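Some notes on the structure that comes next.
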Amino acid sequence: MNESFDSKSQGCPFCDFPIHRIIAQNELAFVIRDEYPVTPLHTLVIPKRHVSGLFDLGTPEMNACNDLLLRAKDAIGKEDASVAGFNVGVNIGAAAGQTIFHCHIHLIPRRHGDVEHPRGGVRHIIPGKGNY
């Protein structure tokens, strides 16, 4: 493995993550349940290398994260048959709401009726922009 993929940042909550909380992994990324879930089974896919945002990942890391994203989606669907959709999101930068500056991808399971009007999905990040 390329040594640059081992880059860690002291004090980063995702760089020295407790192994017992990891539910899946590959050489370059791992999967955990979100500690503050938006919905049940809200999951995070996290590259092992410390980089701030998604656009800082190399192609092998993007592929590794995508592989785990698909595996996590399938596992969630098997665990909970009420899951009818997903929101996938990444906050990049403080202006976008990022609070942990180690790239992580949110996989948020959605169920019919979990909100009254789901139309617009992630567009609701900016109040009033989800309804069009």
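Here, each number is a calculation from the coordinates, and none is a lab measurement. Just so we're clear, the structure is a prediction, and the values are computed from it rather than from any experiment. Neighbour counts are summed over all protein chains in view; Cβ atoms, including those assigned to glycine, are modelled from backbone coordinates with ideal geometry.
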Any residue that is closer than 17 Å to Tyr36 by Cα, of a type in the set (A, V, I, L, M) and in a loop (DSSP other than H, G, I, E, B) - is there at least one of those in region 98-111?
yes
Residue count, region 21-74 (criterion: outside any helix (DSSP H, G or I), small (Gly, Ala, Ser) and under 17 Å from Val88 (Cα atoms)):
2
Does at least one position in region 52-59 carry a residue that is exposed (fewer than 14 other Cβ atoms within 10 Å of the Cβ) and touching a residue at least 24 places away in the same chain (Cβ under 8 Å)?
yes
Please count how many residues of region 112-132 are in a helix (DSSP H, G or I) and among the β-branched types (Val, Ile, Thr).
2
When region 15-37 is examined, which residues are found to be among the hydrophobic types (A, V, I, L, M, F, W, C) and under 17 Å from Leu69 (Cα atoms)?
Ile22, Ile23, Ala24, Leu28, Ala29, Phe30, Val31, Ile32
Please verify whether Val83 is of a type in the set (A, V, I, L, M, F, W, C) and over 12 Å from the mean Cα position of the chain (by Cα), treating the condition exactly as stated.
yes
